[in-house]
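These notes are about the structure you will find just below.
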Amino acid sequence: MNSIMETVCLVCNRVKAKSKPNISFQKLLTQLRREFREQELNLKIKSDRDKKLNSEEFYVNAYYDAEEDYNNEIPIEIIVHHNFNKVILWDQKQITEFLIQIFDATVHEYKHRRQSVKRKHKIYSNHTKSPYKDYLADPDEIDAYAVSIAIELCRSLGKYRAIRYMTKFNSLCKLKFNDQYVSPCLSAYYGLFHSLDHPILKLLAKKVYVRLQKVDTDCIFV
């Protein structure tokens, strides 16, 4: 995964460098799309206004479609859900937080693409109507979230400190800095499966440890 992470990190760093403080959301999105095109990453980036959110809230969802990939169409879609006021201008901190979400979502979906390509696009799970617990228990998601969790842990703790914390996995699942989980994805798994004796958490822990060993932290945005 380091190669795709390196490319996505390059995109995010270029957008960050070119985005002056007080940029509008639409201009930021335009720059992001341009940089992805220049790196020849085959994905779509959309925005969706959600009036239930306040004017400063946003979150990023992403999807991979194996059938579209098989048909040589654009297989990955990134959607930014927001309720931004058009006159609001972004500062550097907001830009960075936005690009972190873009980086994490994009890398996660490219992991799914690698899974699908490896099996020649056969049998890719559809979780659109599945309970969240079933979604997280899917083998593809465990594998992809192991990457996401390793990235979050490297970003918040550093690679080697995160590896040391793996011997205290129960504490790691609940660990917070500045009232934020060091790995929100890991916290979500722990919140649903609770016991470290649960086979899902046991498998996840093994995969996260492997990913931490392999990950190149120079390829992680921020």
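Quick notes on this one:
- Within the chain, longest stretch clear of exposed trypsin sites (Lys or Arg not before Pro) (DSSP loop, no more than 13 other Cβ within 10 Å): 130-222
- Per-residue extension of 0.36 nm, minus the Cα-Cα distance of residue 53 and residue 216, leaves a gain of 55.1 nm for this segment.
- Modelled this way, with points 7 Å down the Cα-to-C-beta line, the labels at residue 46 and residue 92 are 3.4 nm from one another.
- Mean separation of Cα pairs under 8 Å and 6 or more residues apart, divided by the residue count, gives region 49-102 a relative contact order of 42 percent.
- Once you reduce region 41-93 and region 174-222 to the center of their Cα atoms, the two points are 24 Å from each other.
- Summarising the amide proton neighbourhood of residue 175: residues at separation of 5 or more, or on other chains, whose placed amide H is nearer than 5 Å comprise 182.
- Taking every DSSP beta bridge that has both ends in region 2-118, the antiparallel portion is near 55%.
- At an R0 of 25 angstrom, the distance between the Cβ atoms of residue 122 and residue 203 translates into a FRET efficiency of 0.65.
- Per residue Cα convex hull volume in Å³ - calculated over the chain: 133 Å³
- Amide proton proximity set for residue 47, modelled H, under 5 Å, gap of 5+: 80
- Anchor residue 46: lysines whose Cα lies under 23 Å away (excluding residues fewer than 8 positions away in-chain): 16, 18, 20, 27, 86, 93, 111, 129
- For residue 174, the lysines whose Cα falls under 19 Å of its own Cα, not counting residues fewer than eight places away in the same chain, are 133, 159, 202, 206, 207.
Any read-out appearing in this document is the output of simple, stated calculations on the displayed coordinates, not a laboratory observation. Everything numeric here is computed off the predicted structure, so don't read it as measured data. All Cβ positions, even for glycine, are placed from backbone atoms using ideal geometry, and neighbour counts span all protein chains on display.
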